[in-house]
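K.L.:
The following block contains the structure, expressed as structure tokens.
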Amino acid sequence: MRFHIFFSGAAIMALGGAAMRLLEGNDALAFLQGALTLGGGMIICGLFSLKMRWHGVIGVGILSLLGTARGFGNLPDLIKLAAGDRHRGPAPMMELGVTLICLLLLIRVLRALHQERVRRMRDVE
């Protein structure tokens, strides 16, 4: 689980770095700032999970939920891109990448929490 947390944070930060080369002007800086904030937060939660596992895992779950929700808000731009409107360049595809990373991490965190709940229920008996 921790590897996935660190890898997801690093991948989102790498997308921010790629945005500096692919996007122009203020769009690139805005994407970089968001990617560094979200990816950095995930890495910080990963570091928390080294000492207190569930605090870090739940924290990254909340961050991935926020990243997924924000990404779903960008779906209209992705639909416009598919229809041929290219005024934003590759930004909608990069936002889709961040959304998918966050969604996969959210699913992974929910699965881990469910497994822990089942484990604790079995230990009570």
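The values are calculated or read from the model by the stated rules, or taken from the named source; none is laboratory data. Given the structure is predicted, the values throughout are model-derived calculations rather than measurements. Cβ: placed from backbone, ideal geometry, glycine included. Neighbour counts: every protein chain shown. The protein model used for the area step is the full one, side chains on, heavy atoms only, and it has no ligands, DNA or RNA in it. Shrake-Rupley method; radii C 1.70, N 1.55, O 1.52, S 1.80 Å.
K.L.:
Kindly provide the set of residues from region 39-69 that are among the aliphatic types (A, V, I, L, M) and open to solvent by 30 Å² or more (accessible area, probe 1.4 Å), ordered by number. Show your work before the answer.
P.N.:
Keep residues of region 39-69 that are among the aliphatic types (A, V, I, L, M), which gives 42-44, 47, 50, 52, 57-58, 60, 62-63, 65-66, 69.
I43, I44, L47, L50, M52, I58, I62, L63, L65, L66, A69 - these are the residues of region 39-69 that are among the aliphatic types (A, V, I, L, M) and open to solvent by 30 Å² or more (accessible area, probe 1.4 Å).
K.L.:
Cβ-Cβ distance below 8 Å, separation of 6 or more or different chains: which pairs start in region 53-76 with a residue that is under 15 Å from H4 (Cβ atoms) and in contact (Cβ under 8 Å) with a residue 24 or more places away in the chain and end on one that is open to solvent by less than 70 Å² (accessible area, probe 1.4 Å) and outside any helix (DSSP H, G or I)?
P.N.:
Close Cβ pairs satisfying both conditions: V57/M1.
K.L.:
For region 70-92, which positions are open to solvent by 80 Å² or more (accessible area, probe 1.4 Å), of a type in the set (K, R) and not in a helix (DSSP H, G or I)?
P.N.:
Once the filter is applied, which keeps residues that are open to solvent by 80 Å² or more (accessible area, probe 1.4 Å), of a type in the set (K, R) and not in a helix (DSSP H, G or I), region 70-92 yields only R86.
K.L.:
Can you spot a residue in region 17-36 that is in a helix (DSSP H, G or I), surrounded by 20 or more Cβ atoms within 10 Å (Cβ to Cβ), free of Cβ contacts under 8 Å to residues at least 60 places away in the same chain and not acidic (D, E)?
P.N.:
Just the residues of region 17-36 that are in a helix (DSSP H, G or I), to begin with: 17-22, 25-36.
Okay, now just the ones that are also surrounded by 20 or more Cβ atoms within 10 Å (Cβ to Cβ), so 19, 31, 35.
Checking the rest, the ones that are also free of Cβ contacts under 8 Å to residues at least 60 places away in the same chain come to none.
The answer is no; no qualifying residue exists.
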